[in-house]
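Everything on this sheet refers to the single structure shown next.
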């Protein structure tokens, strides 16, 4: 699998594919009810069950209780861990491989959350990798499983296959054409949902969306993958259709917005988060339309590096609001000039 930030197709509107499997060890309380001692013992058990399946230098265990939680914001921004994991910092940890395509969260909502992530639309490859890790752990750990309901989880909507599939996709033309609501209804009828990666109230920022399955009870892993692939391919076709309409009706206006966005990002001294996301989306669209010769790796780096928490993490100190805007503009400018 390829790191989704560093390896990407210049013209691909799908940014990444991620699959999560939630598992629990039988006869042990869910993480919320676990004592700190039992939770940390759980970490040791799970790490020992998987470490011999990898090269000795390919896996690293991060015990969150041993470090300042803010140091892990980088992994949060890369979509490798969750807020919930950090909230359980006294007993939670995660395992990460060297190229950051696999992480195992321990004592998040469930005892084990295995996730693999790669660039583009690669559902079958990601499923194959996540199942392989799942099978390795199961050789040494007995899962909580019910013959009727499937894998037992802390959230009822995850019971069954206990699998969450997430596709991260850039949809500027659909957004500009005000078709997201219609799209949401269509996906809902297929057991899927769409939400913005970054939200301000109910508004999505940056035209980047997460497509995911809503439930896994009564459906197989194969069914979830098949439905997701079918709907995402339709979505890609829709986005290209609306891009053609936009370039046909307002070619010069669209190009003007794209080049203005690039100029602002390359020369701004202060940038707030919302404005930066909007401008980056326009530049990403310019790259995807072959108007701007910028490597998409740089655009992906911007997605994870321009949040307030990321900027403070890079700076190594608390910053004022104005300092954050200044440093954000610096980060963007250095990558794009």
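Could we say that residue 225 is at pLDDT 95 or above and surrounded by fewer than 18 Cβ atoms within 10 Å (Cβ to Cβ) here?
Values: at pLDDT 95 or above: yes; surrounded by fewer than 18 Cβ atoms within 10 Å (Cβ to Cβ): no.
No, not satisfied.
What number goes with the only condition from (1) in a helix (DSSP H, G or I); (2) surrounded by 15 or more Cβ atoms within 10 Å (Cβ to Cβ) that residue 309 does not pass?
All conditions pass for residue 309, except number (2).
Would you call residue 302 under 26 Å from the mean Cα position of the chain (by Cα) and within 21 Å of residue 209 (Cα to Cα)? Steps first, answer last, please.
Numbers: under 26 Å from the mean Cα position of the chain (by Cα): yes; within 21 Å of residue 209 (Cα to Cα): yes.
Answer is yes for this residue.
Do we find that residue 83 is surrounded by fewer than 18 Cβ atoms within 10 Å (Cβ to Cβ) and under 14 Å from the mean Cα position of the chain (by Cα) in this structure?
Working: surrounded by fewer than 18 Cβ atoms within 10 Å (Cβ to Cβ): yes; under 14 Å from the mean Cα position of the chain (by Cα): yes.
Taking the combined requirement at face value, the residue satisfies it.
Between residues in segment 186-202 that are over 29 Å from residue 219 (Cα atoms) and residues that are surrounded by fewer than 14 Cβ atoms within 10 Å (Cβ to Cβ) and at pLDDT 85 or above, which pairs lie under 8 Å by C-beta distance while being six or more apart or on different chains?
So the pair list comes out as 200/274.
Scan segment 115-153 for residues that are more than 15 Å from residue 45 (Cβ to Cβ) and in contact with a strand residue (DSSP E or B) (Cβ under 8 Å, 6 or more places away or on another chain) and report the count. Break it down stepwise before answering.
Kept after step one, since they are more than 15 Å from residue 45 (Cβ to Cβ), are these residues of segment 115-153: 115-135, 145-153.
In the following step, the residues that additionally are in contact with a strand residue (DSSP E or B) (Cβ under 8 Å, 6 or more places away or on another chain) were identified as 115-123, 125-127, 129-131, 133-134, 145, 149-153.
The number of residues fulfilling the criteria is 23.
For every residue, the table says whether it meets (1) part of a helix (DSSP H, G or I); (2) modelled with pLDDT of 95 or more; (3) surrounded by fewer than 16 Cβ atoms within 10 Å (Cβ to Cβ).
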{"position": "1", "(1), (2), (3)": "no, no, no"}
{"position": "8", "(1), (2), (3)": "no, no, no"}
{"position": "20", "(1), (2), (3)": "no, yes, no"}
{"position": "40", "(1), (2), (3)": "yes, yes, no"}
{"position": "52", "(1), (2), (3)": "yes, no, yes"}
{"position": "56", "(1), (2), (3)": "no, no, yes"}
{"position": "72", "(1), (2), (3)": "yes, no, no"}
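Look at residue 184 and say whether it is more than 27 Å from residue 49 (Cβ to Cβ), modelled with pLDDT under 90 and in contact with a strand residue (DSSP E or B) (Cβ under 8 Å, 6 or more places away or on another chain). Full working, then the answer.
Values: more than 27 Å from residue 49 (Cβ to Cβ): yes; modelled with pLDDT under 90: no; in contact with a strand residue (DSSP E or B) (Cβ under 8 Å, 6 or more places away or on another chain): yes.
No: the conditions fail for residue 184.
Pick out the one residue from 205, 121, 168 that is touching a residue at least 40 places away in the same chain (Cβ under 8 Å), assigned to a loop (DSSP other than H, G, I, E, B), within 30 Å of residue 250 (Cα to Cα) and within 19 Å of the chain's Cα centre (by Cα). Walk me through it before giving the result.
Numbers: 205 fails: assigned to a loop (DSSP other than H, G, I, E, B); 168 fails: assigned to a loop (DSSP other than H, G, I, E, B).
When all the criteria are applied, what remains is 121.
Using the structure shown, decide if residue 99 is surrounded by fewer than 18 Cβ atoms within 10 Å (Cβ to Cβ), within 17 Å of the chain's Cα centre (by Cα) and in contact (Cβ under 8 Å) with a residue 40 or more places away in the chain.
yes
Among the residues of segment 316-326 satisfying the criterion of being surrounded by fewer than 14 Cβ atoms within 10 Å (Cβ to Cβ) and assigned to a helix (DSSP H, G or I), which is nearest to the chain's Cα centre (by Cα)?
Keep residues of segment 316-326 that are surrounded by fewer than 14 Cβ atoms within 10 Å (Cβ to Cβ), which gives 316-318, 320-322.
Filter again for assigned to a helix (DSSP H, G or I), leaving 321-322.
Working: 321: 26, 322: 28 Å.
If we take residues in segment 316-326 being surrounded by fewer than 14 Cβ atoms within 10 Å (Cβ to Cβ) and assigned to a helix (DSSP H, G or I), then 321 is nearest to the chain's Cα centre (by Cα).
Determine, yes or no, whether residue 117 is under 24 Å from residue 316 (Cβ atoms) and crowded, with 24+ Cβ neighbours inside 10 Å. First the steps, then the outcome.
On the way: under 24 Å from residue 316 (Cβ atoms): no; crowded, with 24+ Cβ neighbours inside 10 Å: yes.
So residue 117 fails the test.
Output the number of the condition that residue 249 fails; it satisfies all remaining conditions of (1) free of Cβ contacts under 8 Å to residues at least 12 places away in the same chain; (2) outside any strand (DSSP E or B); (3) under 25 Å from residue 276 (Cα atoms).
Result: residue 249 passes all but (3).
Please count how many residues of segment 198-222 are modelled with pLDDT under 90, surrounded by 14 or more Cβ atoms within 10 Å (Cβ to Cβ) and under 28 Å from residue 302 (Cβ atoms).
Of the residues in segment 198-222, 2 are modelled with pLDDT under 90, surrounded by 14 or more Cβ atoms within 10 Å (Cβ to Cβ) and under 28 Å from residue 302 (Cβ atoms).
Here are some residues: 255, 244, 230. Which one is within 28 Å of residue 187 (Cα to Cα), modelled with pLDDT of 95 or more, surrounded by fewer than 20 Cβ atoms within 10 Å (Cβ to Cβ) and over 24 Å from the mean Cα position of the chain (by Cα)? If you could, list the steps in order and put the result at the bottom.
Numbers: 255 fails: within 28 Å of residue 187 (Cα to Cα); 230 fails: over 24 Å from the mean Cα position of the chain (by Cα).
When all the criteria are applied, what remains is 244.
Being surrounded by 13 or more Cβ atoms within 10 Å (Cβ to Cβ) and in a strand (DSSP E or B) is the filter here, so list the residues in segment 58-70 that pass it.
59, 61, 62, 63
The values are calculated or read from the model by the stated rules, or taken from the named source; none is laboratory data. Treat the numbers as computed from the prediction; the structure is a model and nothing was measured. Every residue, glycine as well, gets a Cβ built from its backbone with ideal geometry; the counts of neighbours run over all protein chains shown.
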